[in-house]
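Participant: Quick one: the structure is below, and I'll ask about it shortly.
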Amino acid sequence: MGMNPKERVVRAIERTKPDRAPLEGVSWGEWSYPFLQKLLNYLGIRDVDTLANKLGIDFRGVKMEPPTEFRNRATNNPLFHYPWGIVIGPDILEDEWGVKRTLNATKLQSRIMHHPLQRAESLEGYHFPDPEAPGRFDTVEKLLKGWRDRYSISASLGGDNLFCQAWYIRGFTDFIRDLYANPRFAEGLLDGLLKVFLGAAKRFAEMEVDILCIADDVAMQTGMIISPHLWRKYMKPRLKKLIDSVKGKGRYVLFHTDGNCEAIIEDLIDVGVDILNPVQPECMDPARIKRLYGDRLTLSGTISIQKTLPYGTLQDVEREVMTRIRTCGYDGGLIIAPSNQVLLDTKMENFLAVYETTKKYGQYPLK
């Protein structure tokens, strides 16, 4: 008899060889809603949980939501980066951080049009969300009742983390300038964010989720967005505090960043990250990352969404998945998934082949 999904994931993270490589499903997050709808229609399935079961996904995800008071005034539009927001104009939502977004020209995703602290002289008057506000975890509690004993539960802090959320609020140029010339403002903003995230992480640890997911895009395909020196000065010590708050209670930590983040992988391991996602193969060789760090880090993702899934043949997808299993799956430590959101140009048969190939060839002991 095989392992259940929770057991399978723990074995992979601990690098003690599960019965097969676990499967994760970043492609059906709320931020890839158009593809999700297309996939559900293609398969004739109505809900995401049924889809996850069909694909063999071993994870289920929960997240901190805005409080009840905010949701009562807001709308939920999954085409937006943060789906909950107050409608302030046609195709414009303001989230609980005060960030305003509008749908882009395709009406399929959103972009920021207003940063609440742009050009502000101080943090005075800005109110950070209260992580203990009533209603934030009501949905989480309901979902956990049906999922906790079987699936590996990953928990999101309700959005992006320190670097990204800081520039969403401040504006990218202003925040980068702060890191160099206005450190007092930068430190205050980051400390305010950390307080929110620590409160959420504490609740998730108490609710016995398995994995805390920290998403913070600090890299691009050519390297880090900010220098490793600045990341270590501002982000690393705060990230360590956040991770320490859950690792002491037996939780695992996944860190997500797009792009080539190899410059800080040792730092991520140092502060307690267990899983790195998505290990984007266009700019990082997954086999090399496995060889250098795989004894201390589990890789998640690794399947190309820029080349193989949209433009490859079915055989190309099968070949890439089998290559990842062979070069990154030995001794466990591999969770297979598309390396970020799957877009509408992806062929349905290619997407499904990721999961079917893994179930067929990802059995341990690996052949």
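Values in this text are rule-based calculations from the coordinates and carry no lab data. All figures in this text were calculated on a predicted structure; none of them were measured in a lab. Here the Cβ positions follow ideal geometry from the backbone for every residue, glycine too, while neighbour counts run over all protein chains shown.
Participant: Could you list all residues from the range 278-317 that are assigned to a helix (DSSP H, G or I) and without any contact (Cβ under 8 Å) to a residue 40 or more places away in the chain?
Facilitator: Matches in the range 278-317: 288, 289, 291, 292, 293, 311, 314, 315, 316.
Participant: What number of residues in the range 204-218 are part of a helix (DSSP H, G or I) and surrounded by fewer than 18 Cβ atoms within 10 Å (Cβ to Cβ)?
Facilitator: Summing the residues that are part of a helix (DSSP H, G or I) and surrounded by fewer than 18 Cβ atoms within 10 Å (Cβ to Cβ) in the range 204-218 gives 1.
Participant: Scan the range 202-230 and report the pairs whose first residue is free of Cβ contacts under 8 Å to residues at least 60 places away in the same chain and whose second residue is of a type in the set (S, T, N, Q) and in a strand (DSSP E or B), with Cβ atoms within less than 8 Å and a gap of 6+ or a chain change.
Facilitator: 212/154; 215/156
Yes/no per residue for (1) under 30 Å from residue 79 (Cα atoms); (2) surrounded by 20 or more Cβ atoms within 10 Å (Cβ to Cβ); (3) basic (Lys, Arg):
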site	(1), (2), (3)
309	yes, yes, no
322	no, no, no
325	no, yes, no
340	yes, yes, no
